[in-house]
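Here the structure is laid out as C-alpha cells; the discussion comes afterwards.
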Amino acid sequence: MPGIAGIVDFNQDSASMDKQIRRMVKILNHTSPSDEEVYISDHAALGAVHLRVYPFHDLVAEDTNTAIAFWGYLWDQEDLKKRTGLNFQNMGDVSVGNLLLTLYNKEGIDGLCNLNGRFVIAIWNKREKVLNLINDRYGFCKLFYWVTPQRILFASEYKAIVWHEDFPKKIDQQGLADFMTLGYSSQDRTFFENIKLLPPASVATFKGNENLSIQKYWDYSFYSEDDPLWLEEDYVGQFAEILTKATQRQIDSNKSIGLPLSGGYDSRALAGMLDRLHFKGEVKAFSYGNQYAYDVVYGRDIAKNVGYEHSFIPIESTYLRDHAERFVWLLEGTVNCLNAHMLLTYPFIRANSLNSVMTGFLGDIICGSAAWIYSVGIRGGTDDEDIFRRQYDVHADIMKDKDMALYMKDNIYHEVKGKTFDTLRSRYFQCPSRNRYFRSRYFSTHERQRQYTSFNLHIFDFIAEVSSPFLDVEFVEFAYHMPPPLAIYQNVYRKMIVKHLPKVASVPHNDTKLPLNASRIRKGLQWRWEGLIRNPLIRATIGRRYAKMNDNYLNTHEAISTGSRDFVEKHIRNNEFLAEFFKMEKINELLDDHINGKAHEPSKITALLTFALWGKMFVENEKPTFK
C-alpha cells in the first residue's frame, strides 16, 4: 500500500538505519507502479511509497531541524496557500513535504493536526531526538507501530514491521475474539499482541527511554440546543452547497474517475454531484454482483441518467478461491475475506486506465441512516444500557457468545469472554453527547466504520488515487450538527437529492424499490404491484424482469459450497494453526453442515478462512504467490 514507514533505534547507526528503512519501503511497494523516498540519519530513518498516479510528490523532506514523511490526501488547497504563504496552482506544483514543513514551522504540531484530509505524518526532531506520529482526526489512514525500549518501528502496513528478527509473533487473543465476533479487531488491536493501530486524532511521541505517549487532539461534536436554529429547507440547501464544495475540492478535470454505483444514496449522490459540477474528465461507472441485483440494475440506470458509461462486474462462485488470499495479504487480516470480491475491480480499473476512484464511504452513517432504530427495536427507548445491548447484538453478527463458547478452545474463551462487549460499551458512553442517536453514531464511526467499513477506501489505495467527499472536514461537521429528527432516516439527505440532483433521484432505491422523487400516486400503487408480482402468471409474463431482481449481490454461501469449496476446505479443515485456538471437531462439523445445506454460516466460515490464511502468511511466513 502507498504509505509511510520509519524506524527510530537509539542503538543503531545511520548505516543500519539505511538498510532497515529500505527494506521497509520495499515491502510497502508491492502493487501498482510506485516510487520510494527515504530519509536517513543516526538513530532514525523515514520513508514513503506512493503510486505514480498519485497527485503529490516529495513526500519526504527535511530542513535544518526537522525531517518529515507524509502520505495521504489534503483537500483544502486555498487554506494551505493562506496558512503557508506559498503560491501554487495545484498541489502537484509543490513539494508536499516542504509545504508541511513550512506549516509546521509556522504553527507547530497543532497546524498539522488542523488539516482537511485523510493522512498520516511522521516528524523527526533532529536536535531533540524526538519522533511524533500524527494522523487525521477520523483515523481513516492506518498507521501501525511496534515499540520496545530504545526502538520504535511504524508503517502503514504492518507487514513492513513483522519481518524484524526481534519481533515476537504472539497472537492477541482478544484481537482474535473481537474479529470472530464483529469481523474486525476493536480499539487499537490487531492479531499480533505487539502491533498496535494508532487511534484517530492522535499525536504520538517517542523519546527513547520513555514509552510511546499518545495524546488525542480532537473528538467529534454533535448538534446541541445551543446550535443555530434553521428550517428543514435551509439544511437541505446547506447539504447541497457543502457537499458540492467537498466534491469540488477532491476532483481534477485532468483525471479519469472510476465510480462504483449501487442503488443506495451515497454513490448516486456523488454521480449527481459530478454531473452538477459539469466535471470535464472521464467517468466510468461500475457495479458488481449478479446481473439482476438491485445494485447492478439501479446502478446502471443512474449512470445512464447522467450520461456515464457503465460496466457490470460479475461475482462468480470462484471469487474466494481466486482472490481471498491476496485480499488477506493486502489488508493483513483486518477485514473478513468474504469481501474479496472488491479485487474484481482491479482489472477494470487497469483496463480503463483509471487513475482515481471516487467512493461514497461514510456517507450513510453520518447522514442519518436509521436502520439501527428498526433493526434493534429501540424506538422510544430511554435506557442506554438496553439500547446499547440491542445494538451490540446487531454488530456482533459473526459469532455470538454461545458460538464462541462452542467453537473456541475453553481456556481462550474464558480469557476473552465479555471483553468485546465491554470495549464497545465503553466507546458508546465515551461519546461527548448524551443524545442516544449520536452515541450510536459515535461508537459505530469509531469502531465498525474505522476498523471494518473503511476497507472500501483502503482496497482502492493500492491501485489508484482515492477521493471520498463525505470525509471532508466541513461536511462531517455539518452532517453531525443536523438535528436528529431531520437526520434520522436520511430525511434531509433524500430531499437534497430530490431537489438538487433530480437526474439520480428518478432512479429507484434498493430499500423501497421506488424513485426518490416518486409521486404519491406511484407510492400508492407500489404495494399493489408488489402483490401482483407474487402471482405466478404475472411473474411468468409481464413481471419476468422484476421477479428475477434481488438484493443478494454477493452469494458467499454458494461460493463456499461450490466454486471455492476445495480452496475453503483445504485451508480450514483440520488446520493446525486454527487448532491452536479452536475446537477443530466443531469447526469441521460447521464446515460440513454449511456445505451440505444444513446450516447457513458464510460469515463464520470466511472469518475462519481469513484467520487461517493470515496465519499461513504472517505467522508461518509462507509468502503468497498471486496470478
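The values are calculated or read from the model by the stated rules, or taken from the named source; none is laboratory data. Quick caveat: nothing in here was measured; it's all calculated off a predicted structure. Don't worry about glycine lacking a Cβ; one is built from the backbone with ideal geometry, like all the others, and counts go over all protein chains shown. Areas reflect the complete protein model, heavy atoms only, side chains present, ligands, DNA and RNA absent. Shrake-Rupley method; radii C 1.70, N 1.55, O 1.52, S 1.80 Å.
So, R0 is 41 Å and r is the distance between the beta-carbons of Q89 and W218; what FRET efficiency does that work out to, to 0.05?
0.85
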Charge dipole of the chain built from unit charges on the beta carbon (Lys, Arg +1; Asp, Glu -1), centred at mean Cα; most positive-end Cα among L277, I463, G47 is L277
Principal axis dimensions, largest first and in whole angstrom, of the chain by Cα: 80, 62, 53
Ratio to report: Rg/Rh of region 34-106, with Cα atoms as the point set and Rh obtained by the Kirkwood method; give two decimals. 0.97
Report, by chain and number, residues whose modeled amide H sits under 5 Å from the one on G139, excluding near sequence neighbours (fewer than 5 apart, same chain). A201
Compactness of region 1-147 - radius of gyration and Dmax, Cα, Å: 14.6, 44
Scoring the chain by relative contact order with C-alpha pairs under 8 Å, at least six apart, yields a percentage of 15
List every residue whose amide H lies under 5 Å from the amide H of D76, counting only residues 5 or more places away in sequence or on a different chain, with H placed 1.01 Å from N in the peptide plane. N116
Can you list the aspartates and glutamates whose alpha carbon is less than 12 Å from that of K284, not counting same-chain residues fewer than 8 positions off? E309
Just to confirm the filter: which trypsin sites (Lys or Arg not before Pro) across region 390-459 are DSSP coil and have at most 12 other Cβ within 10 angstrom of their Cβ? K400, R434
Dipole magnitude of region 67-111, debye to nearest 20 (Cβ charges: Lys/Arg +1, Asp/Glu -1, about Cα centre): 120
Charges at C-beta only: +1 for Lys and Arg, -1 for Asp and Glu. How large is the resulting dipole of the chain about its Cα centre, in Debye rounded to 20? 1800
When the dipole is taken about the Cα centre of region 190-234, and only Lys, Arg (+1) and Asp, Glu (-1) are charged at their Cβ, what size is it in debye, to the nearest 20? 760
Run a plain Debye calculation on region 105-251 (Cα atoms as equal point scatterers, no solvent) and give log10 I(q)/I(0) at q = 0.13, 0.16, 0.18, 0.19 Å⁻¹, rounded to two decimals, same order as the q list. -0.76, -0.99, -1.13, -1.20
For the chain, what is the accessible area per residue in Å², given a 1.4 Å probe and the full set of protein chains? 41
Give me the three principal axis extents of region 333-466 from the C-alpha atoms, as integers in angstrom, largest value leading. 52, 39, 24
Taking region 150-183, which trypsin sites (Lys or Arg not before Pro) meet the DSSP loop condition and have no more than 13 other C-beta atoms within 10 Å? K170
Mind checking Rg over Rh on region 206-282, alpha carbons, Kirkwood formula for Rh? 1.19
Order by accessible surface, 1.4 Å probe, largest leading, for residues K616, K623 comes to K623, K616
Hey, any idea what % of the chain's accessible area is carbon plus sulfur with a 1.4 Å probe? 46
Under 5 Å, built H, 5+ apart or other chain: amide partners of M408: K583
In the chain, which helices (entire DSSP H runs) extend 24 Å or more along their own long axis, judged by Cα positions, while averaging at least -1.0 on the Kyte-Doolittle scale? 232-250
Using alpha-carbon positions, what is the distance between the centroids of region 586-627 and region 190-257, in Å? 35
